[in-house]
Amino acid sequence: MSDTRPPSSPSTASTITAALDKATRAVYQAVRERGESDRPPLPGAVRAGTWQLIHLLGALGELAATLAPHVGSYPQRYRLHTDDDTNPAQHVAHACRELAALRHALEKGQRAAREIHTALSHLNTLPPPDHRESGSAGNTERDEGR
């Protein structure tokens with residue numbers, strides 16, 4: 001007799017869904033606000049953002065890796081049917097392949113975000129030229145956002 005319990009509790013699944021929904025809305029809102037600004041972000045702010053992006057992409061990659069075996073077990077755990085007369089196992093296999101491809105794409109994105117972060121870590125801002133003449137030490141943002 002096969003186990004018909006879901007691989008994770010409904011509260012865990014709904015917690016993940018709620019967290020993804022909240023993160024998605026927050027990112028879209030931040031992007032909209034950034035797009036409405038007429039001032040470019042400082043290098044330190046972008047560097048801090050890429051640091052967070054590295055971690056977000058890593059978490060999404062872990063989610064994709066975690067979901068794949070659960071999805072792969074659906075044919076053994078549930079009586080499945082499809083709306084297109086295709087064997088359900090084919091759809092499950094396709095979903096698992098795409099989850100693996102997604103995980104690899106997220107890893108590639110995470111590597112790119114690390115490269116961006118590293119490149120921006122070499123930058124700092126200096127005061128405008130007119131402030132240098134007055135002897136102002138100016139402040140840099142070298143350690144901001146880490």
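Bear in mind these aren't lab numbers, they're just calculated from the coordinates by the rules spelled out. Given the structure is predicted, the values throughout are model-derived calculations rather than measurements. Cβ placement follows ideal geometry from the backbone for every residue including glycine, while neighbour counts extend to all protein chains displayed.
Ranked from highest to lowest mean number of other Cβ atoms within 10 Å per residue, what is the order of the peptides 108-114, 18-24?
Details: 108-114: 15.6, 18-24: 11.1.
The densest-packed peptide leads the list: 108-114, 18-24.
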**Asked** For GLU98 and ARG34, what does the FRET efficiency come to when R0 = 35 Å and r is the distance between their Cβ atoms, rounded to the nearest 0.05?
**Response** 0.70
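About its Cα centre, how strong a charge dipole does the range 41-121 have in debye, to the nearest 20, once Lys and Arg get +1 and Asp and Glu get -1 at the Cβ?
Numbers: 8 positive and 7 negative charges, 70 e Å.
So the magnitude is around 340 debye.
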**Asked** What nm value, rounded to one decimal, do you get for the distance between ARG111 and LYS22 when each label is placed 7 Å out toward the C-beta?
**Response** 3.3
